Amino acid sequence: MASEDAVVQRLLDKIDEKRKRIVVIGDTLTDVWVHGHLKECQDGCRKFVEMWRQYTPGGAANAARCLTNWGVDVSLYGRTKSDRATKTRFVTSDGAIVFRWDDEATKLDCSSYQWARDCALEMVSFAGAVLLSDYDKGFMEPTFIREVVSLCSRLDIPCVADAKRQPATYAGSILKCNASYQNRYNEALAKKGCLVITYGCMSPIVWNDDEPCGLGYDLHPVQCVNHVGAGDCFAAHLVLALAYGFSLRDSAALAHSAGRVYVQHSHGRPPTLVEIIADCTAIRAL
């Protein structure tokens, strides 16, 4: 089992040798962060007074953005920026999210995006690995998911599905999910061969050929400033490492460190390589 900082350095060496392409396909979202404060008002309810706002990519777009600092090529396929479902979070000065408003008016009709699906299928052939980022917002039709997974299987390209729907939807892929998803589909997941389950601040569990394993170490706590999109960051780094031939366990370890860095910053800021290496080094020193 390699030390975690050695995994990062090996990955950087492999990227220097060959710059691969990561293909991210899925539900692109827009996250809106409205910063301000709550006050009483004459309408018999509390009002939120906006001071400023920030727009950031969400969902599949966030996953693609999280790989910005690695020097690899990333191709993203999903809804265009002007046609994405929006999640607006109202945030007070202490960082608390007091309300979330989801605008999903665009969810039902994805018929105009067949061109994007066709382009994604063409690009899979040039991928080092593929991430299916499914938020069940309409872009990821089950038949399309099966097409992508089948093509990746034929070409021997790692394909990870960040899942929201039942496991059978992603049959043949490496499934990435969280504890809530595990609780919902536990019986179906018992039949899944390659699986990574995240547990928030706790270490993920990796299932490979029906044998579960952890990372093999305990983690020091980090301050969570923002949890939104941490799963996207984890999934993106998991796919990145798999693209370069790392084991599922080592890939999950790298992804977990990237996620730990991610949650320490607001507005979904992509983790830097220096920060990921520092986190891995600190883990080894425990």
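If you go through region 227-234 one residue at a time, do you hit one that is out of contact with any Asp or Glu (no Cβ under 9 Å at 6 or more places or on another chain), in contact (Cβ under 8 Å) with a residue 60 or more places away in the chain and either surrounded by fewer than 20 Cβ atoms within 10 Å (Cβ to Cβ) or not polar (S, T, N, Q) (or both)?
The first filter runs over region 227-234 and keeps only residues out of contact with any Asp or Glu (no Cβ under 9 Å at 6 or more places or on another chain), leaving 227, 230, 233.
With the extra rule that they be in contact (Cβ under 8 Å) with a residue 60 or more places away in the chain, the set shrinks to 233.
Add one more test, that the residue is either surrounded by fewer than 20 Cβ atoms within 10 Å (Cβ to Cβ) or not polar (S, T, N, Q) (or both), and what stays is 233.
Checked region 227-234: at least one residue is out of contact with any Asp or Glu (no Cβ under 9 Å at 6 or more places or on another chain), in contact (Cβ under 8 Å) with a residue 60 or more places away in the chain and either surrounded by fewer than 20 Cβ atoms within 10 Å (Cβ to Cβ) or not polar (S, T, N, Q) (or both).
Looking at region 59-77, I want the residues that are under 12 Å from Tyr262 (Cα atoms) and have a partner that is of a type in the set (Asp, Glu) with Cβ atoms under 7 Å, at least 6 apart or on another chain. Which pairs are those?
Sorted first by the residue in region 59-77, then by its partner, the pairs are Asn62/Asp232; Ala63/Asp232; Cys66/Asp232.
Can you pull out the residues in region 117-134 that are of a type in the set (Ser, Thr, Tyr) and either free of Cβ contacts under 8 Å to residues at least 40 places away in the same chain or surrounded by fewer than 24 Cβ atoms within 10 Å (Cβ to Cβ) (or both)? Please lay out each step first, then the result.
Restricting attention to region 117-134, the residues satisfying the condition of being of a type in the set (Ser, Thr, Tyr) are 125, 133.
Residue satisfying the conditions is Ser125 alone.
For Ala171, only one of the following conditions fails: (1) over 20 Å from the mean Cα position of the chain (by Cα); (2) at pLDDT below 95. What is its number?
(1)
Report yes if some residue within region 143-155 is touching a strand residue (DSSP E or B) at 6+ places or on another chain (Cβ under 6 Å), at pLDDT below 95 and either surrounded by 14 or more Cβ atoms within 10 Å (Cβ to Cβ) or closer than 24 Å to Ala64 by Cα (or both); otherwise report no.
For region 143-155, residues touching a strand residue (DSSP E or B) at 6+ places or on another chain (Cβ under 6 Å), at pLDDT below 95 and either surrounded by 14 or more Cβ atoms within 10 Å (Cβ to Cβ) or closer than 24 Å to Ala64 by Cα (or both): absent.
Table: residues versus (1) in a helix (DSSP H, G or I); (2) more than 21 Å from Trp207 (Cβ to Cβ); (3) at pLDDT below 95; (4) among the small types (Gly, Ala, Ser).
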{"position": "Ala236", "(1), (2), (3), (4)": "yes, no, no, yes"}
{"position": "Val239", "(1), (2), (3), (4)": "yes, no, no, no"}
{"position": "Asp250", "(1), (2), (3), (4)": "yes, no, yes, no"}
{"position": "Val261", "(1), (2), (3), (4)": "yes, yes, no, no"}
{"position": "Pro270", "(1), (2), (3), (4)": "no, yes, no, no"}
{"position": "Thr281", "(1), (2), (3), (4)": "yes, yes, yes, no"}
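The values are calculated or read from the model by the stated rules, or taken from the named source; none is laboratory data. Owing to the predicted nature of the structure, the values given are computational and were not obtained by experimental measurement. Cβ atoms come from the backbone with ideal geometry, glycine included; neighbour counts cover every protein chain shown.
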